[in-house]
Structure formats: C-alpha cells, structure tokens
Amino acid sequence: GGGGAAAMADGEGLLSVDYEVHGKVQGVFFRKYTQGEAKRLGLVGWVQNTSQGTVQGQIQGPAARVRELQDWLRKIGSPQSRISRAEFSNEKKIEALDHKEFQILK
C-alpha cells in the first residue's frame, strides 16, 4: 500500500505472476477451485499439479484482481486443502494477456 498519487493508475494495469502453493493441495480439488475463483475474478492463466506435491501456475489480469487471487491462494484454497505457504515469482506488468482463459493443465 501507500504511494498515494504516485501510484499512478496502479490498480488499472495488467499483471502477470507465477505461483506455487505448498501443503496438502493435491487430491483436494485445489485446481478446480482455483480455476473457479480465477474465472469469478475475470483472470486468465493456468494451474497444474507438480511431481513435488505442490500446485503451480500463472495468473494474469487486472492488478487488483490478481492481488485478490494471491490472497485466496495464500489463505483459502479449496475446502479440504491445507496451505502451508504460497510463493509468487516473476511478477511483471504486461501490455496484453497471454492466455484466453484459465485452464487446468495435466
């Protein structure tokens, strides 16, 4: 937060951010719920299980909405999941979306 007028149109730009969620996040419909939440927020990107037992993916969309999904990934997740931590990386401003929808990848 903060910045005031200096944060010029900060909530308006498009953001892209990669994420990885650790904890009990596989076999608990985590990907399905993440997709549902992303669609509700109007975000695009993808989500998939990794061989390390984590869930990873990418989120793209309006900055304020991306922040909402980051919070959701950090604290909420699917009803049966237990999130130990969520890590975000490669955050950058983008001019256009790289994805048309939010997909679950195999």
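The values are calculated or read from the model by the stated rules, or taken from the named source; none is laboratory data. Predicted model, so just to flag it, every value in this text is computed and none were measured. A quick note on method: Cβ atoms are made from the backbone with ideal geometry, for glycine too, and the neighbour counts reach across all protein chains shown. The area values use the complete protein model at the heavy-atom level, side chains included, leaving out ligands, DNA and RNA. Shrake-Rupley method; radii C 1.70, N 1.55, O 1.52, S 1.80 Å.
Roughly how many Å² is the accessible area per residue of the chain, as a whole number, for a 1.4 Å probe?
Solvent-accessible surface per residue comes out at 60 Å².
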Sorted by accessible area (1.4 Å probe), largest first, how do 19, 33 line up?
-> 33, 19
With all protein chains present, the chain has a carbon and sulfur share of its accessible area (1.4 Å probe) in percent of 48 percent
How big is the accessible area of residue 78 in square angstrom, nearest 10, if you roll a 1.4 angstrom probe over the protein chains?
-> 0 Å²
What is the set of long-range amide H partners of residue 99 at a cut-off below 5 Å, with H atoms built 1.01 Å from backbone N?
-> none
Restricted to pairs 8 or more residues apart or on different chains, the lysines in the chain with C-alpha atoms under 26 Å apart form a number of pairs equal to 18
Accessible area, probe 1.4 Å, largest first, for residues 100, 24 | 100, 24
Cα-centre dipole for the stretch 19-104 with unit charges at Cβ (Lys and Arg positive, Asp and Glu negative), debye to 20 = 280 debye
Over the chain: helical MRE at 222 nm, DSSP H runs n ≥ 4 each giving -39500 (n - 2.57), nearest 500 | -7500 deg cm²/dmol
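Could you work out the relative contact order of the stretch 19-104? I mean the mean sequence separation of Cα pairs under 8 Å and 6+ apart, divided by the number of residues, in percent.
45 percent
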What number comes out for the charge environment of residue 24, summing +1 per Lys or Arg and -1 per Asp or Glu over other residues with Cβ under 14 Å away?
-> +3
Rank 18, 71, 98 by accessible area, highest first, at a 1.4 Å probe radius?
-> 98, 71, 18
Leading residue at positive end of dipole, the stretch 19-104 (Cβ point charges), from 42, 83, 62 = 83
